[in-house]
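Q: Encoded as structure tokens, here's the structure I'll be asking about.
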Amino acid sequence: MKRILAAMLATVAGGIALLATSGAAAVAISPDATQQKIDKLLAQHPDAIQTSRNTVSWQQGDVVLTLARTNIEGVQTADAAPCPDGRFCLYADANFGGDSVSFRDRLCDNRIINLPSFNFNDITSSWANNTDFDVDVWSDVGAGGPRLFQMFTLTESSGLPKNINDRASSLNCF
Ligand SMILES: [Ca+2]
């Protein structure tokens, strides 16, 4: 009887140890995925500043990258951020979904905006332009390669054709 009790206690203790271990493991494997992504982004872009839980900005907020809110499986949990007035926006997914980057209209002095600088190279799948300017979108940096499409003033596209999807690398607005 004594031996059986000891064995039972050992089993219970083992169960508690297992619970404690799995609890610790659960904490370890569920870090804030959004913050991890931002940390990586800040390491790659030292000129970027984190401005909220899921946004990073450049140039005093003229450029804002918004990470999509996701659950632990990486599934988007919140509606996409609408493109604010006075800005044009690119979205990583169709239907204005996924991560997005927005540019303030005062950048439209015919300068070229290279998307790799803002962690947004070759991923654009939809866009909205809420500025008074037109925007040319190019397949290479420096307004190089073929012009893929144009984002005319106060228009939007909820999805790009396959041949120009996930290809935008630079833009200029005028
Ligand atoms: Ca995409």
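The values are calculated or read from the model by the stated rules, or taken from the named source; none is laboratory data. Every value quoted in this text rests on a predicted model; they were computed, and no experiment measured them. So basically every Cβ, Gly included, is an ideal-geometry build from the backbone, and we count neighbours across all protein chains shown.
Q: When D132 is evaluated against the numbered criteria (1) touching a residue at least 60 places away in the same chain (Cβ under 8 Å); (2) touching a helix residue (DSSP H, G or I) at 6+ places or on another chain (Cβ under 8 Å), which criterion, by number, is the only one it fails?
A: Answer for D132: the failing condition is (1).
Q: Then there is this: Hey, any hits in segment 144-163 for a residue that's of a type in the set (D, E) and under 26 Å from H45 (Cα atoms)?
A: Residues of segment 144-163 of a type in the set (D, E): 156.
Now drop any that are not under 26 Å from H45 (Cα atoms), which leaves none.
Looking through segment 144-163, none of the residues is of a type in the set (D, E) and under 26 Å from H45 (Cα atoms).
Q: If you check T66 against the conditions, is it modelled with pLDDT of 70 or more, over 23 Å from S158 (Cβ atoms) and surrounded by 13 or more Cβ atoms within 10 Å (Cβ to Cβ)?
A: Numbers: modelled with pLDDT of 70 or more: yes; over 23 Å from S158 (Cβ atoms): no; surrounded by 13 or more Cβ atoms within 10 Å (Cβ to Cβ): yes.
Here the answer is no, as T66 does not meet what is asked.
Q: Look at segment 103-133 and say how many of its residues are more than 16 Å from the ligand (Cβ to nearest atom) and either hydroxyl-bearing (S, T, Y) or assigned to a loop (DSSP other than H, G, I, E, B) (or both).
A: 9
Q: Kindly list, by first and then second residue, each pair from a residue in segment 86-100 that is farther than 18 Å from K162 by Cα to a residue that is aliphatic (A, V, I, L, M) and near the ligand (Cβ under 9 Å from one of its atoms), limited to pairs with Cβ atoms under 6 Å and residues at least 6 apart or on different chains.
A: Cβ pairs passing all conditions: D99/A92.
Q: Considering only residues of segment 150-171 that are surrounded by fewer than 20 Cβ atoms within 10 Å (Cβ to Cβ), part of a strand (DSSP E or B) and away from the ligand (no atom under 13 Å from the Cβ), which is nearest to the chain's Cα centre (by Cα)?
A: So, considering only residues that are surrounded by fewer than 20 Cβ atoms within 10 Å (Cβ to Cβ), part of a strand (DSSP E or B) and away from the ligand (no atom under 13 Å from the Cβ), the one nearest to the chain's Cα centre (by Cα) is E156.
Q: Could you list all residues from segment 69-102 that are away from the ligand (no atom under 13 Å from the Cβ), modelled with pLDDT of 75 or more, part of a loop (DSSP other than H, G, I, E, B) and buried (at least 17 other Cβ atoms within 10 Å of the Cβ)?
A: Residue satisfying the conditions is C83 alone.
Q: Further, regarding this structure: Considering segment 103-149 alone, what residues qualify as being crowded, with 16+ Cβ neighbours inside 10 Å and aliphatic (A, V, I, L, M)?
A: Scanning segment 103-149 gives L107, I113, L115, I123, A128, V135, V137, V141, A143, L148.
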